[in-house]
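Contents: one structure, followed by commentary.
The values are calculated or read from the model by the stated rules, or taken from the named source; none is laboratory data. Here the structure is a predicted model, which is why all the values come from computation and not from measurement. So basically every Cβ, Gly included, is an ideal-geometry build from the backbone, and we count neighbours across all protein chains shown.
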Amino acid sequence: MKRFLPILLAFSGILFSCQSPVHSDTAENQADPLDISSEDSSVKPQENFYLFANGTWLKNTQIPPAQSSWGAFIILRDSTTVRLHRILDSLTGVSGALKGSVAQQTGDLYASAMDSIGIEKKGFLPIKEELDSIAAINNKAALYQEIAKEYAINHGPFFNFFVQPDDRNSMVNAAHFNQGGLGLPSKDYYFIKDSAIAHIRQAYIAYITKTFTLIGQTPSAAAMAAQSVFNLETAIAKISKSPEQLRDPIANYNKIIVSAKPELKKWLLLLGVTNDTILVGQPAFFKGLNVILNNTPMETLKNYLCFHVVNDDADYLSHDFVDAKFTYEQLLTGQKIMLERWKRMTNMVDNELGDNLGQIYVQQYFTTADKERIGSLVDNILSTYAERIQQLDWMSDSTKQKALIKLHAIVKKIGFPDKWKDYSSIDITKDNIIANLKGTANYRYKRDLAKIGKPVDRTEWQMTPPTINAYYDPTQNNINFPAGILQPPFYFSHGDDAVNYGAIGLVIGHEITHGFDDQGRQYDADGNLKEWWSPNDAIQFKKRAQNIINQYNNYIAVDTFHLNGSLTEGENIADNGGLALAYAAFKKTEQGKRNEKIDGFTPDQRFFLSHAQVWKIKMREAALISRALTDPHSSSMWRVNGPLSNMPAFYAAFNVQPSDSMYRPDSVRVKIW
């Protein structure tokens, strides 16, 4: 359970510098980086700006059958996957690569994943040893040993265990334990009575049943086993906090002294955790889980472990396992057909050996000049934020000074890490994808265990360089912009400032604002969960944040599903603050100071159009429902229209009047940052 806040995831071991990139497969060569053809002139910008900017594109675009959605983010991710695939193809063609080298490991991992003939012949044999180990469990001691073993090889039953900075001592890593163990997307899926969600529950049970038949159980035994798994997960869901409740960093910080609890110490030693303190996010969950484990029949617990081992590895087993999982997941995504295997496996390699693949990616596709220009944008936006803090009329001078200290302490990371992870100790072969995945998982597990109680490496990244995303890390107070997102339509090397500030400037402003949203504001300049606000300033912030919650609660995501203003609070604060910040920084540029039109639009209008166009997306209804229930980000239309309806500059740029739909009275417009 990562705490970082995203805006939405070589032939040798040498470190590459950025040089001679290839941009021929991007939109960089467009005469105007704005896609004027996307606009729908039949919609007035004052009525629905999102549809004005993107309406024609939305009408004419068909979602590819293998996708749950299609738009700027996904199109860029798809084209980046093509780039990564080229790299992997070149690596798999290399013979005689040194064992443990970037070329050997990365190429062979991909080759093992693409060996569909070999994988088909093996069926579920690659995981049979694990299933046999589960079947042999005959007491609670053996159960706990099995759970610990699975954590070291790519599984995470019953709860979440990870290593990250201690929220109240951010310079030191700690072992964190959070709720988990559910197969459906969130606890709500087990209880909501809506027919669409009820249908997903039934499909999930059918999928579990199919899984048990595929590993040899009779249909009747499989059905009984599946129902026992679902009932167990429902019991776990009942003791779980809601996604909104998980957003409170203080309530979810609980330090436990291990030596005071002998039974706990014994269990932690099985996991490899030897420190005397751990952090438990939800103590009530673990208390309830202990009751469940002690009162649930052993056969049910074994069924649960068995299903989740198969489910975790299903994508890398024979086609019947892959198909069974996809049949269920279609109800969550709306996809018509499965994504091509080479795309799925390319993304897998990026997840497992991201620093290997990232080294080559940035050498080919990211320039020093781009890194420097992005750095300049970040600096301008940071200095603009400082000015805006100083001008706030609701915050006291003492809290402003502390806010400025935090702002100036933010570390910016652009493109790729300063040092790459060394995966050379992992044994990667061409013919066993499951063994390879166990190896990469065990590498991460041992690496994390070694971090506990040690100083935090603040140079480490939580995303790979090709990732189409960005994030803010509150415990490290840094902002991170991978090379993947630093390309069209978010950033144009030769684009005008209006377009770049409206797109990548918004992304930058969004991530900076996360340091001062409802969660991020509770961390100080060093990344410690610590109160640094005066009581009255905290009250003033919460009043304004409540207005954000109220505003977004009124927006409909799809059908009868509204946005959850509490769940999306932090992202909505970041969207509103980030856009206002990017605009203010843009007005400092030469283009921002003038009023010269390009293609009939003023600089301000181009800024807002650019912002709207990076959020253009078509989503299948199933994906929209899933997002409304689980995603802390609002749906795309409201990521555009919501913030714009709070911005006086937008009103001026498009002459928005009180009678227009985009108009919100000044008394209810939200302004925090």
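Points to keep in mind about this one:
- Selected residue (criterion: nearest to LEU293 (Cα to Cα)) from residues of the stretch 129-160 that are of a type in the set (D, E, K, R) and more than 32 Å from the chain's Cα centre (by Cα): LYS140
- Within the stretch 401-409, not a single residue is farther than 30 Å from LYS588 by Cβ and part of a helix (DSSP H, G or I).
- Options ASP448, ASP457: the member that is part of a helix (DSSP H, G or I), surrounded by fewer than 21 Cβ atoms within 10 Å (Cβ to Cβ) and over 17 Å from the mean Cα position of the chain (by Cα): ASP448
- The set of residues from the stretch 50-96 being at pLDDT 95 or above, of a type in the set (Val, Ile, Thr) and not in a helix (DSSP H, G or I) comprises THR61, ILE63.
- Hits in the stretch 598-617 - residues which are surrounded by fewer than 24 Cβ atoms within 10 Å (Cβ to Cβ) and more than 19 Å from the chain's Cα centre (by Cα): ILE598, ASP599, GLY600, PHE601, THR602, ASP604, GLN605
- Taken over the stretch 287-326, the criterion of being more than 16 Å from VAL229 (Cβ to Cβ), small (Gly, Ala, Ser) and in contact with a Leu (Cβ under 8 Å, 6 or more places away or on another chain) is satisfied by no residue.
- Filter pass, LEU125 being over 23 Å from TYR151 (Cα atoms) and hydrophobic (A, V, I, L, M, F, W, C): no
- When residues in the stretch 125-152 are screened for being surrounded by fewer than 19 Cβ atoms within 10 Å (Cβ to Cβ) and part of a loop (DSSP other than H, G, I, E, B), 4 of them pass.
- Those helices (runs of 4 or more DSSP H) of the stretch 562-646 in which at least 2 residues are in contact with a Pro (Cβ under 9 Å, 6 or more places away or on another chain), considering only elements entirely within it, cover 569-586, 590-593, 603-614, 621-630.
- When residues of the stretch 389-437 are limited to those that are among the polar types (S, T, N, Q) and closer than 30 Å to THR346 by Cα, the one surrounded by the most Cβ atoms within 10 Å (Cβ to Cβ): ASN436
- Evaluation of GLU47 against (1) of a type in the set (D, E, K, R); (2) closer than 30 Å to SER659 by Cβ; (3) modelled with pLDDT under 95 (one fails), failing number: (3)
- Figure legend. Inter-residue proximity from the stretch 169-193: first residues surrounded by fewer than 17 Cβ atoms within 10 Å (Cβ to Cβ), second residues assigned to a strand (DSSP E or B) and not aromatic (Phe, Trp, Tyr), beta-carbon distance below 8 Å, spacing 6+ or different chains. Indicated pairs: MET171/PRO165; MET171/PRO455; VAL172/PRO165; VAL172/ASP166; VAL172/PRO455.
- Number of positions in the stretch 172-207 that are closer than 21 Å to PHE561 by Cβ and among the polar types (S, T, N, Q): 3
- Residues of the stretch 165-196 satisfying the condition of being more than 23 Å from the chain's Cα centre (by Cα), of a type outside the set (Phe, Trp, Tyr) and not in a strand (DSSP E or B): ARG168, ILE192, LYS193, ASP194, SER195, ALA196
- Any hit, the stretch 564-571, residues being of a type in the set (Val, Ile, Thr) and either under 21 Å from ILE410 (Cα atoms) or touching a His at 6+ places or on another chain (Cβ under 7 Å) (or both): yes
- Here LEU264 clears all of (1) surrounded by 15 or more Cβ atoms within 10 Å (Cβ to Cβ); (2) at pLDDT 95 or above except the condition numbered (2).
- Considering the stretch 336-356, the residues that are part of a loop (DSSP other than H, G, I, E, B) and over 20 Å from the mean Cα position of the chain (by Cα) include one that is farthest from LEU84 (Cα to Cα), namely LYS336.
- Considering the conditions (1) over 21 Å from GLU569 (Cα atoms); (2) surrounded by fewer than 24 Cβ atoms within 10 Å (Cβ to Cβ); (3) of a type in the set (Phe, Trp, Tyr), PHE541 is excluded by exactly one of them, (1).
- Any hit, the stretch 578-597, residues being of a type in the set (Asp, Glu), surrounded by fewer than 20 Cβ atoms within 10 Å (Cβ to Cβ), farther than 23 Å from ASP40 by Cβ and over 29 Å from the mean Cα position of the chain (by Cα): yes
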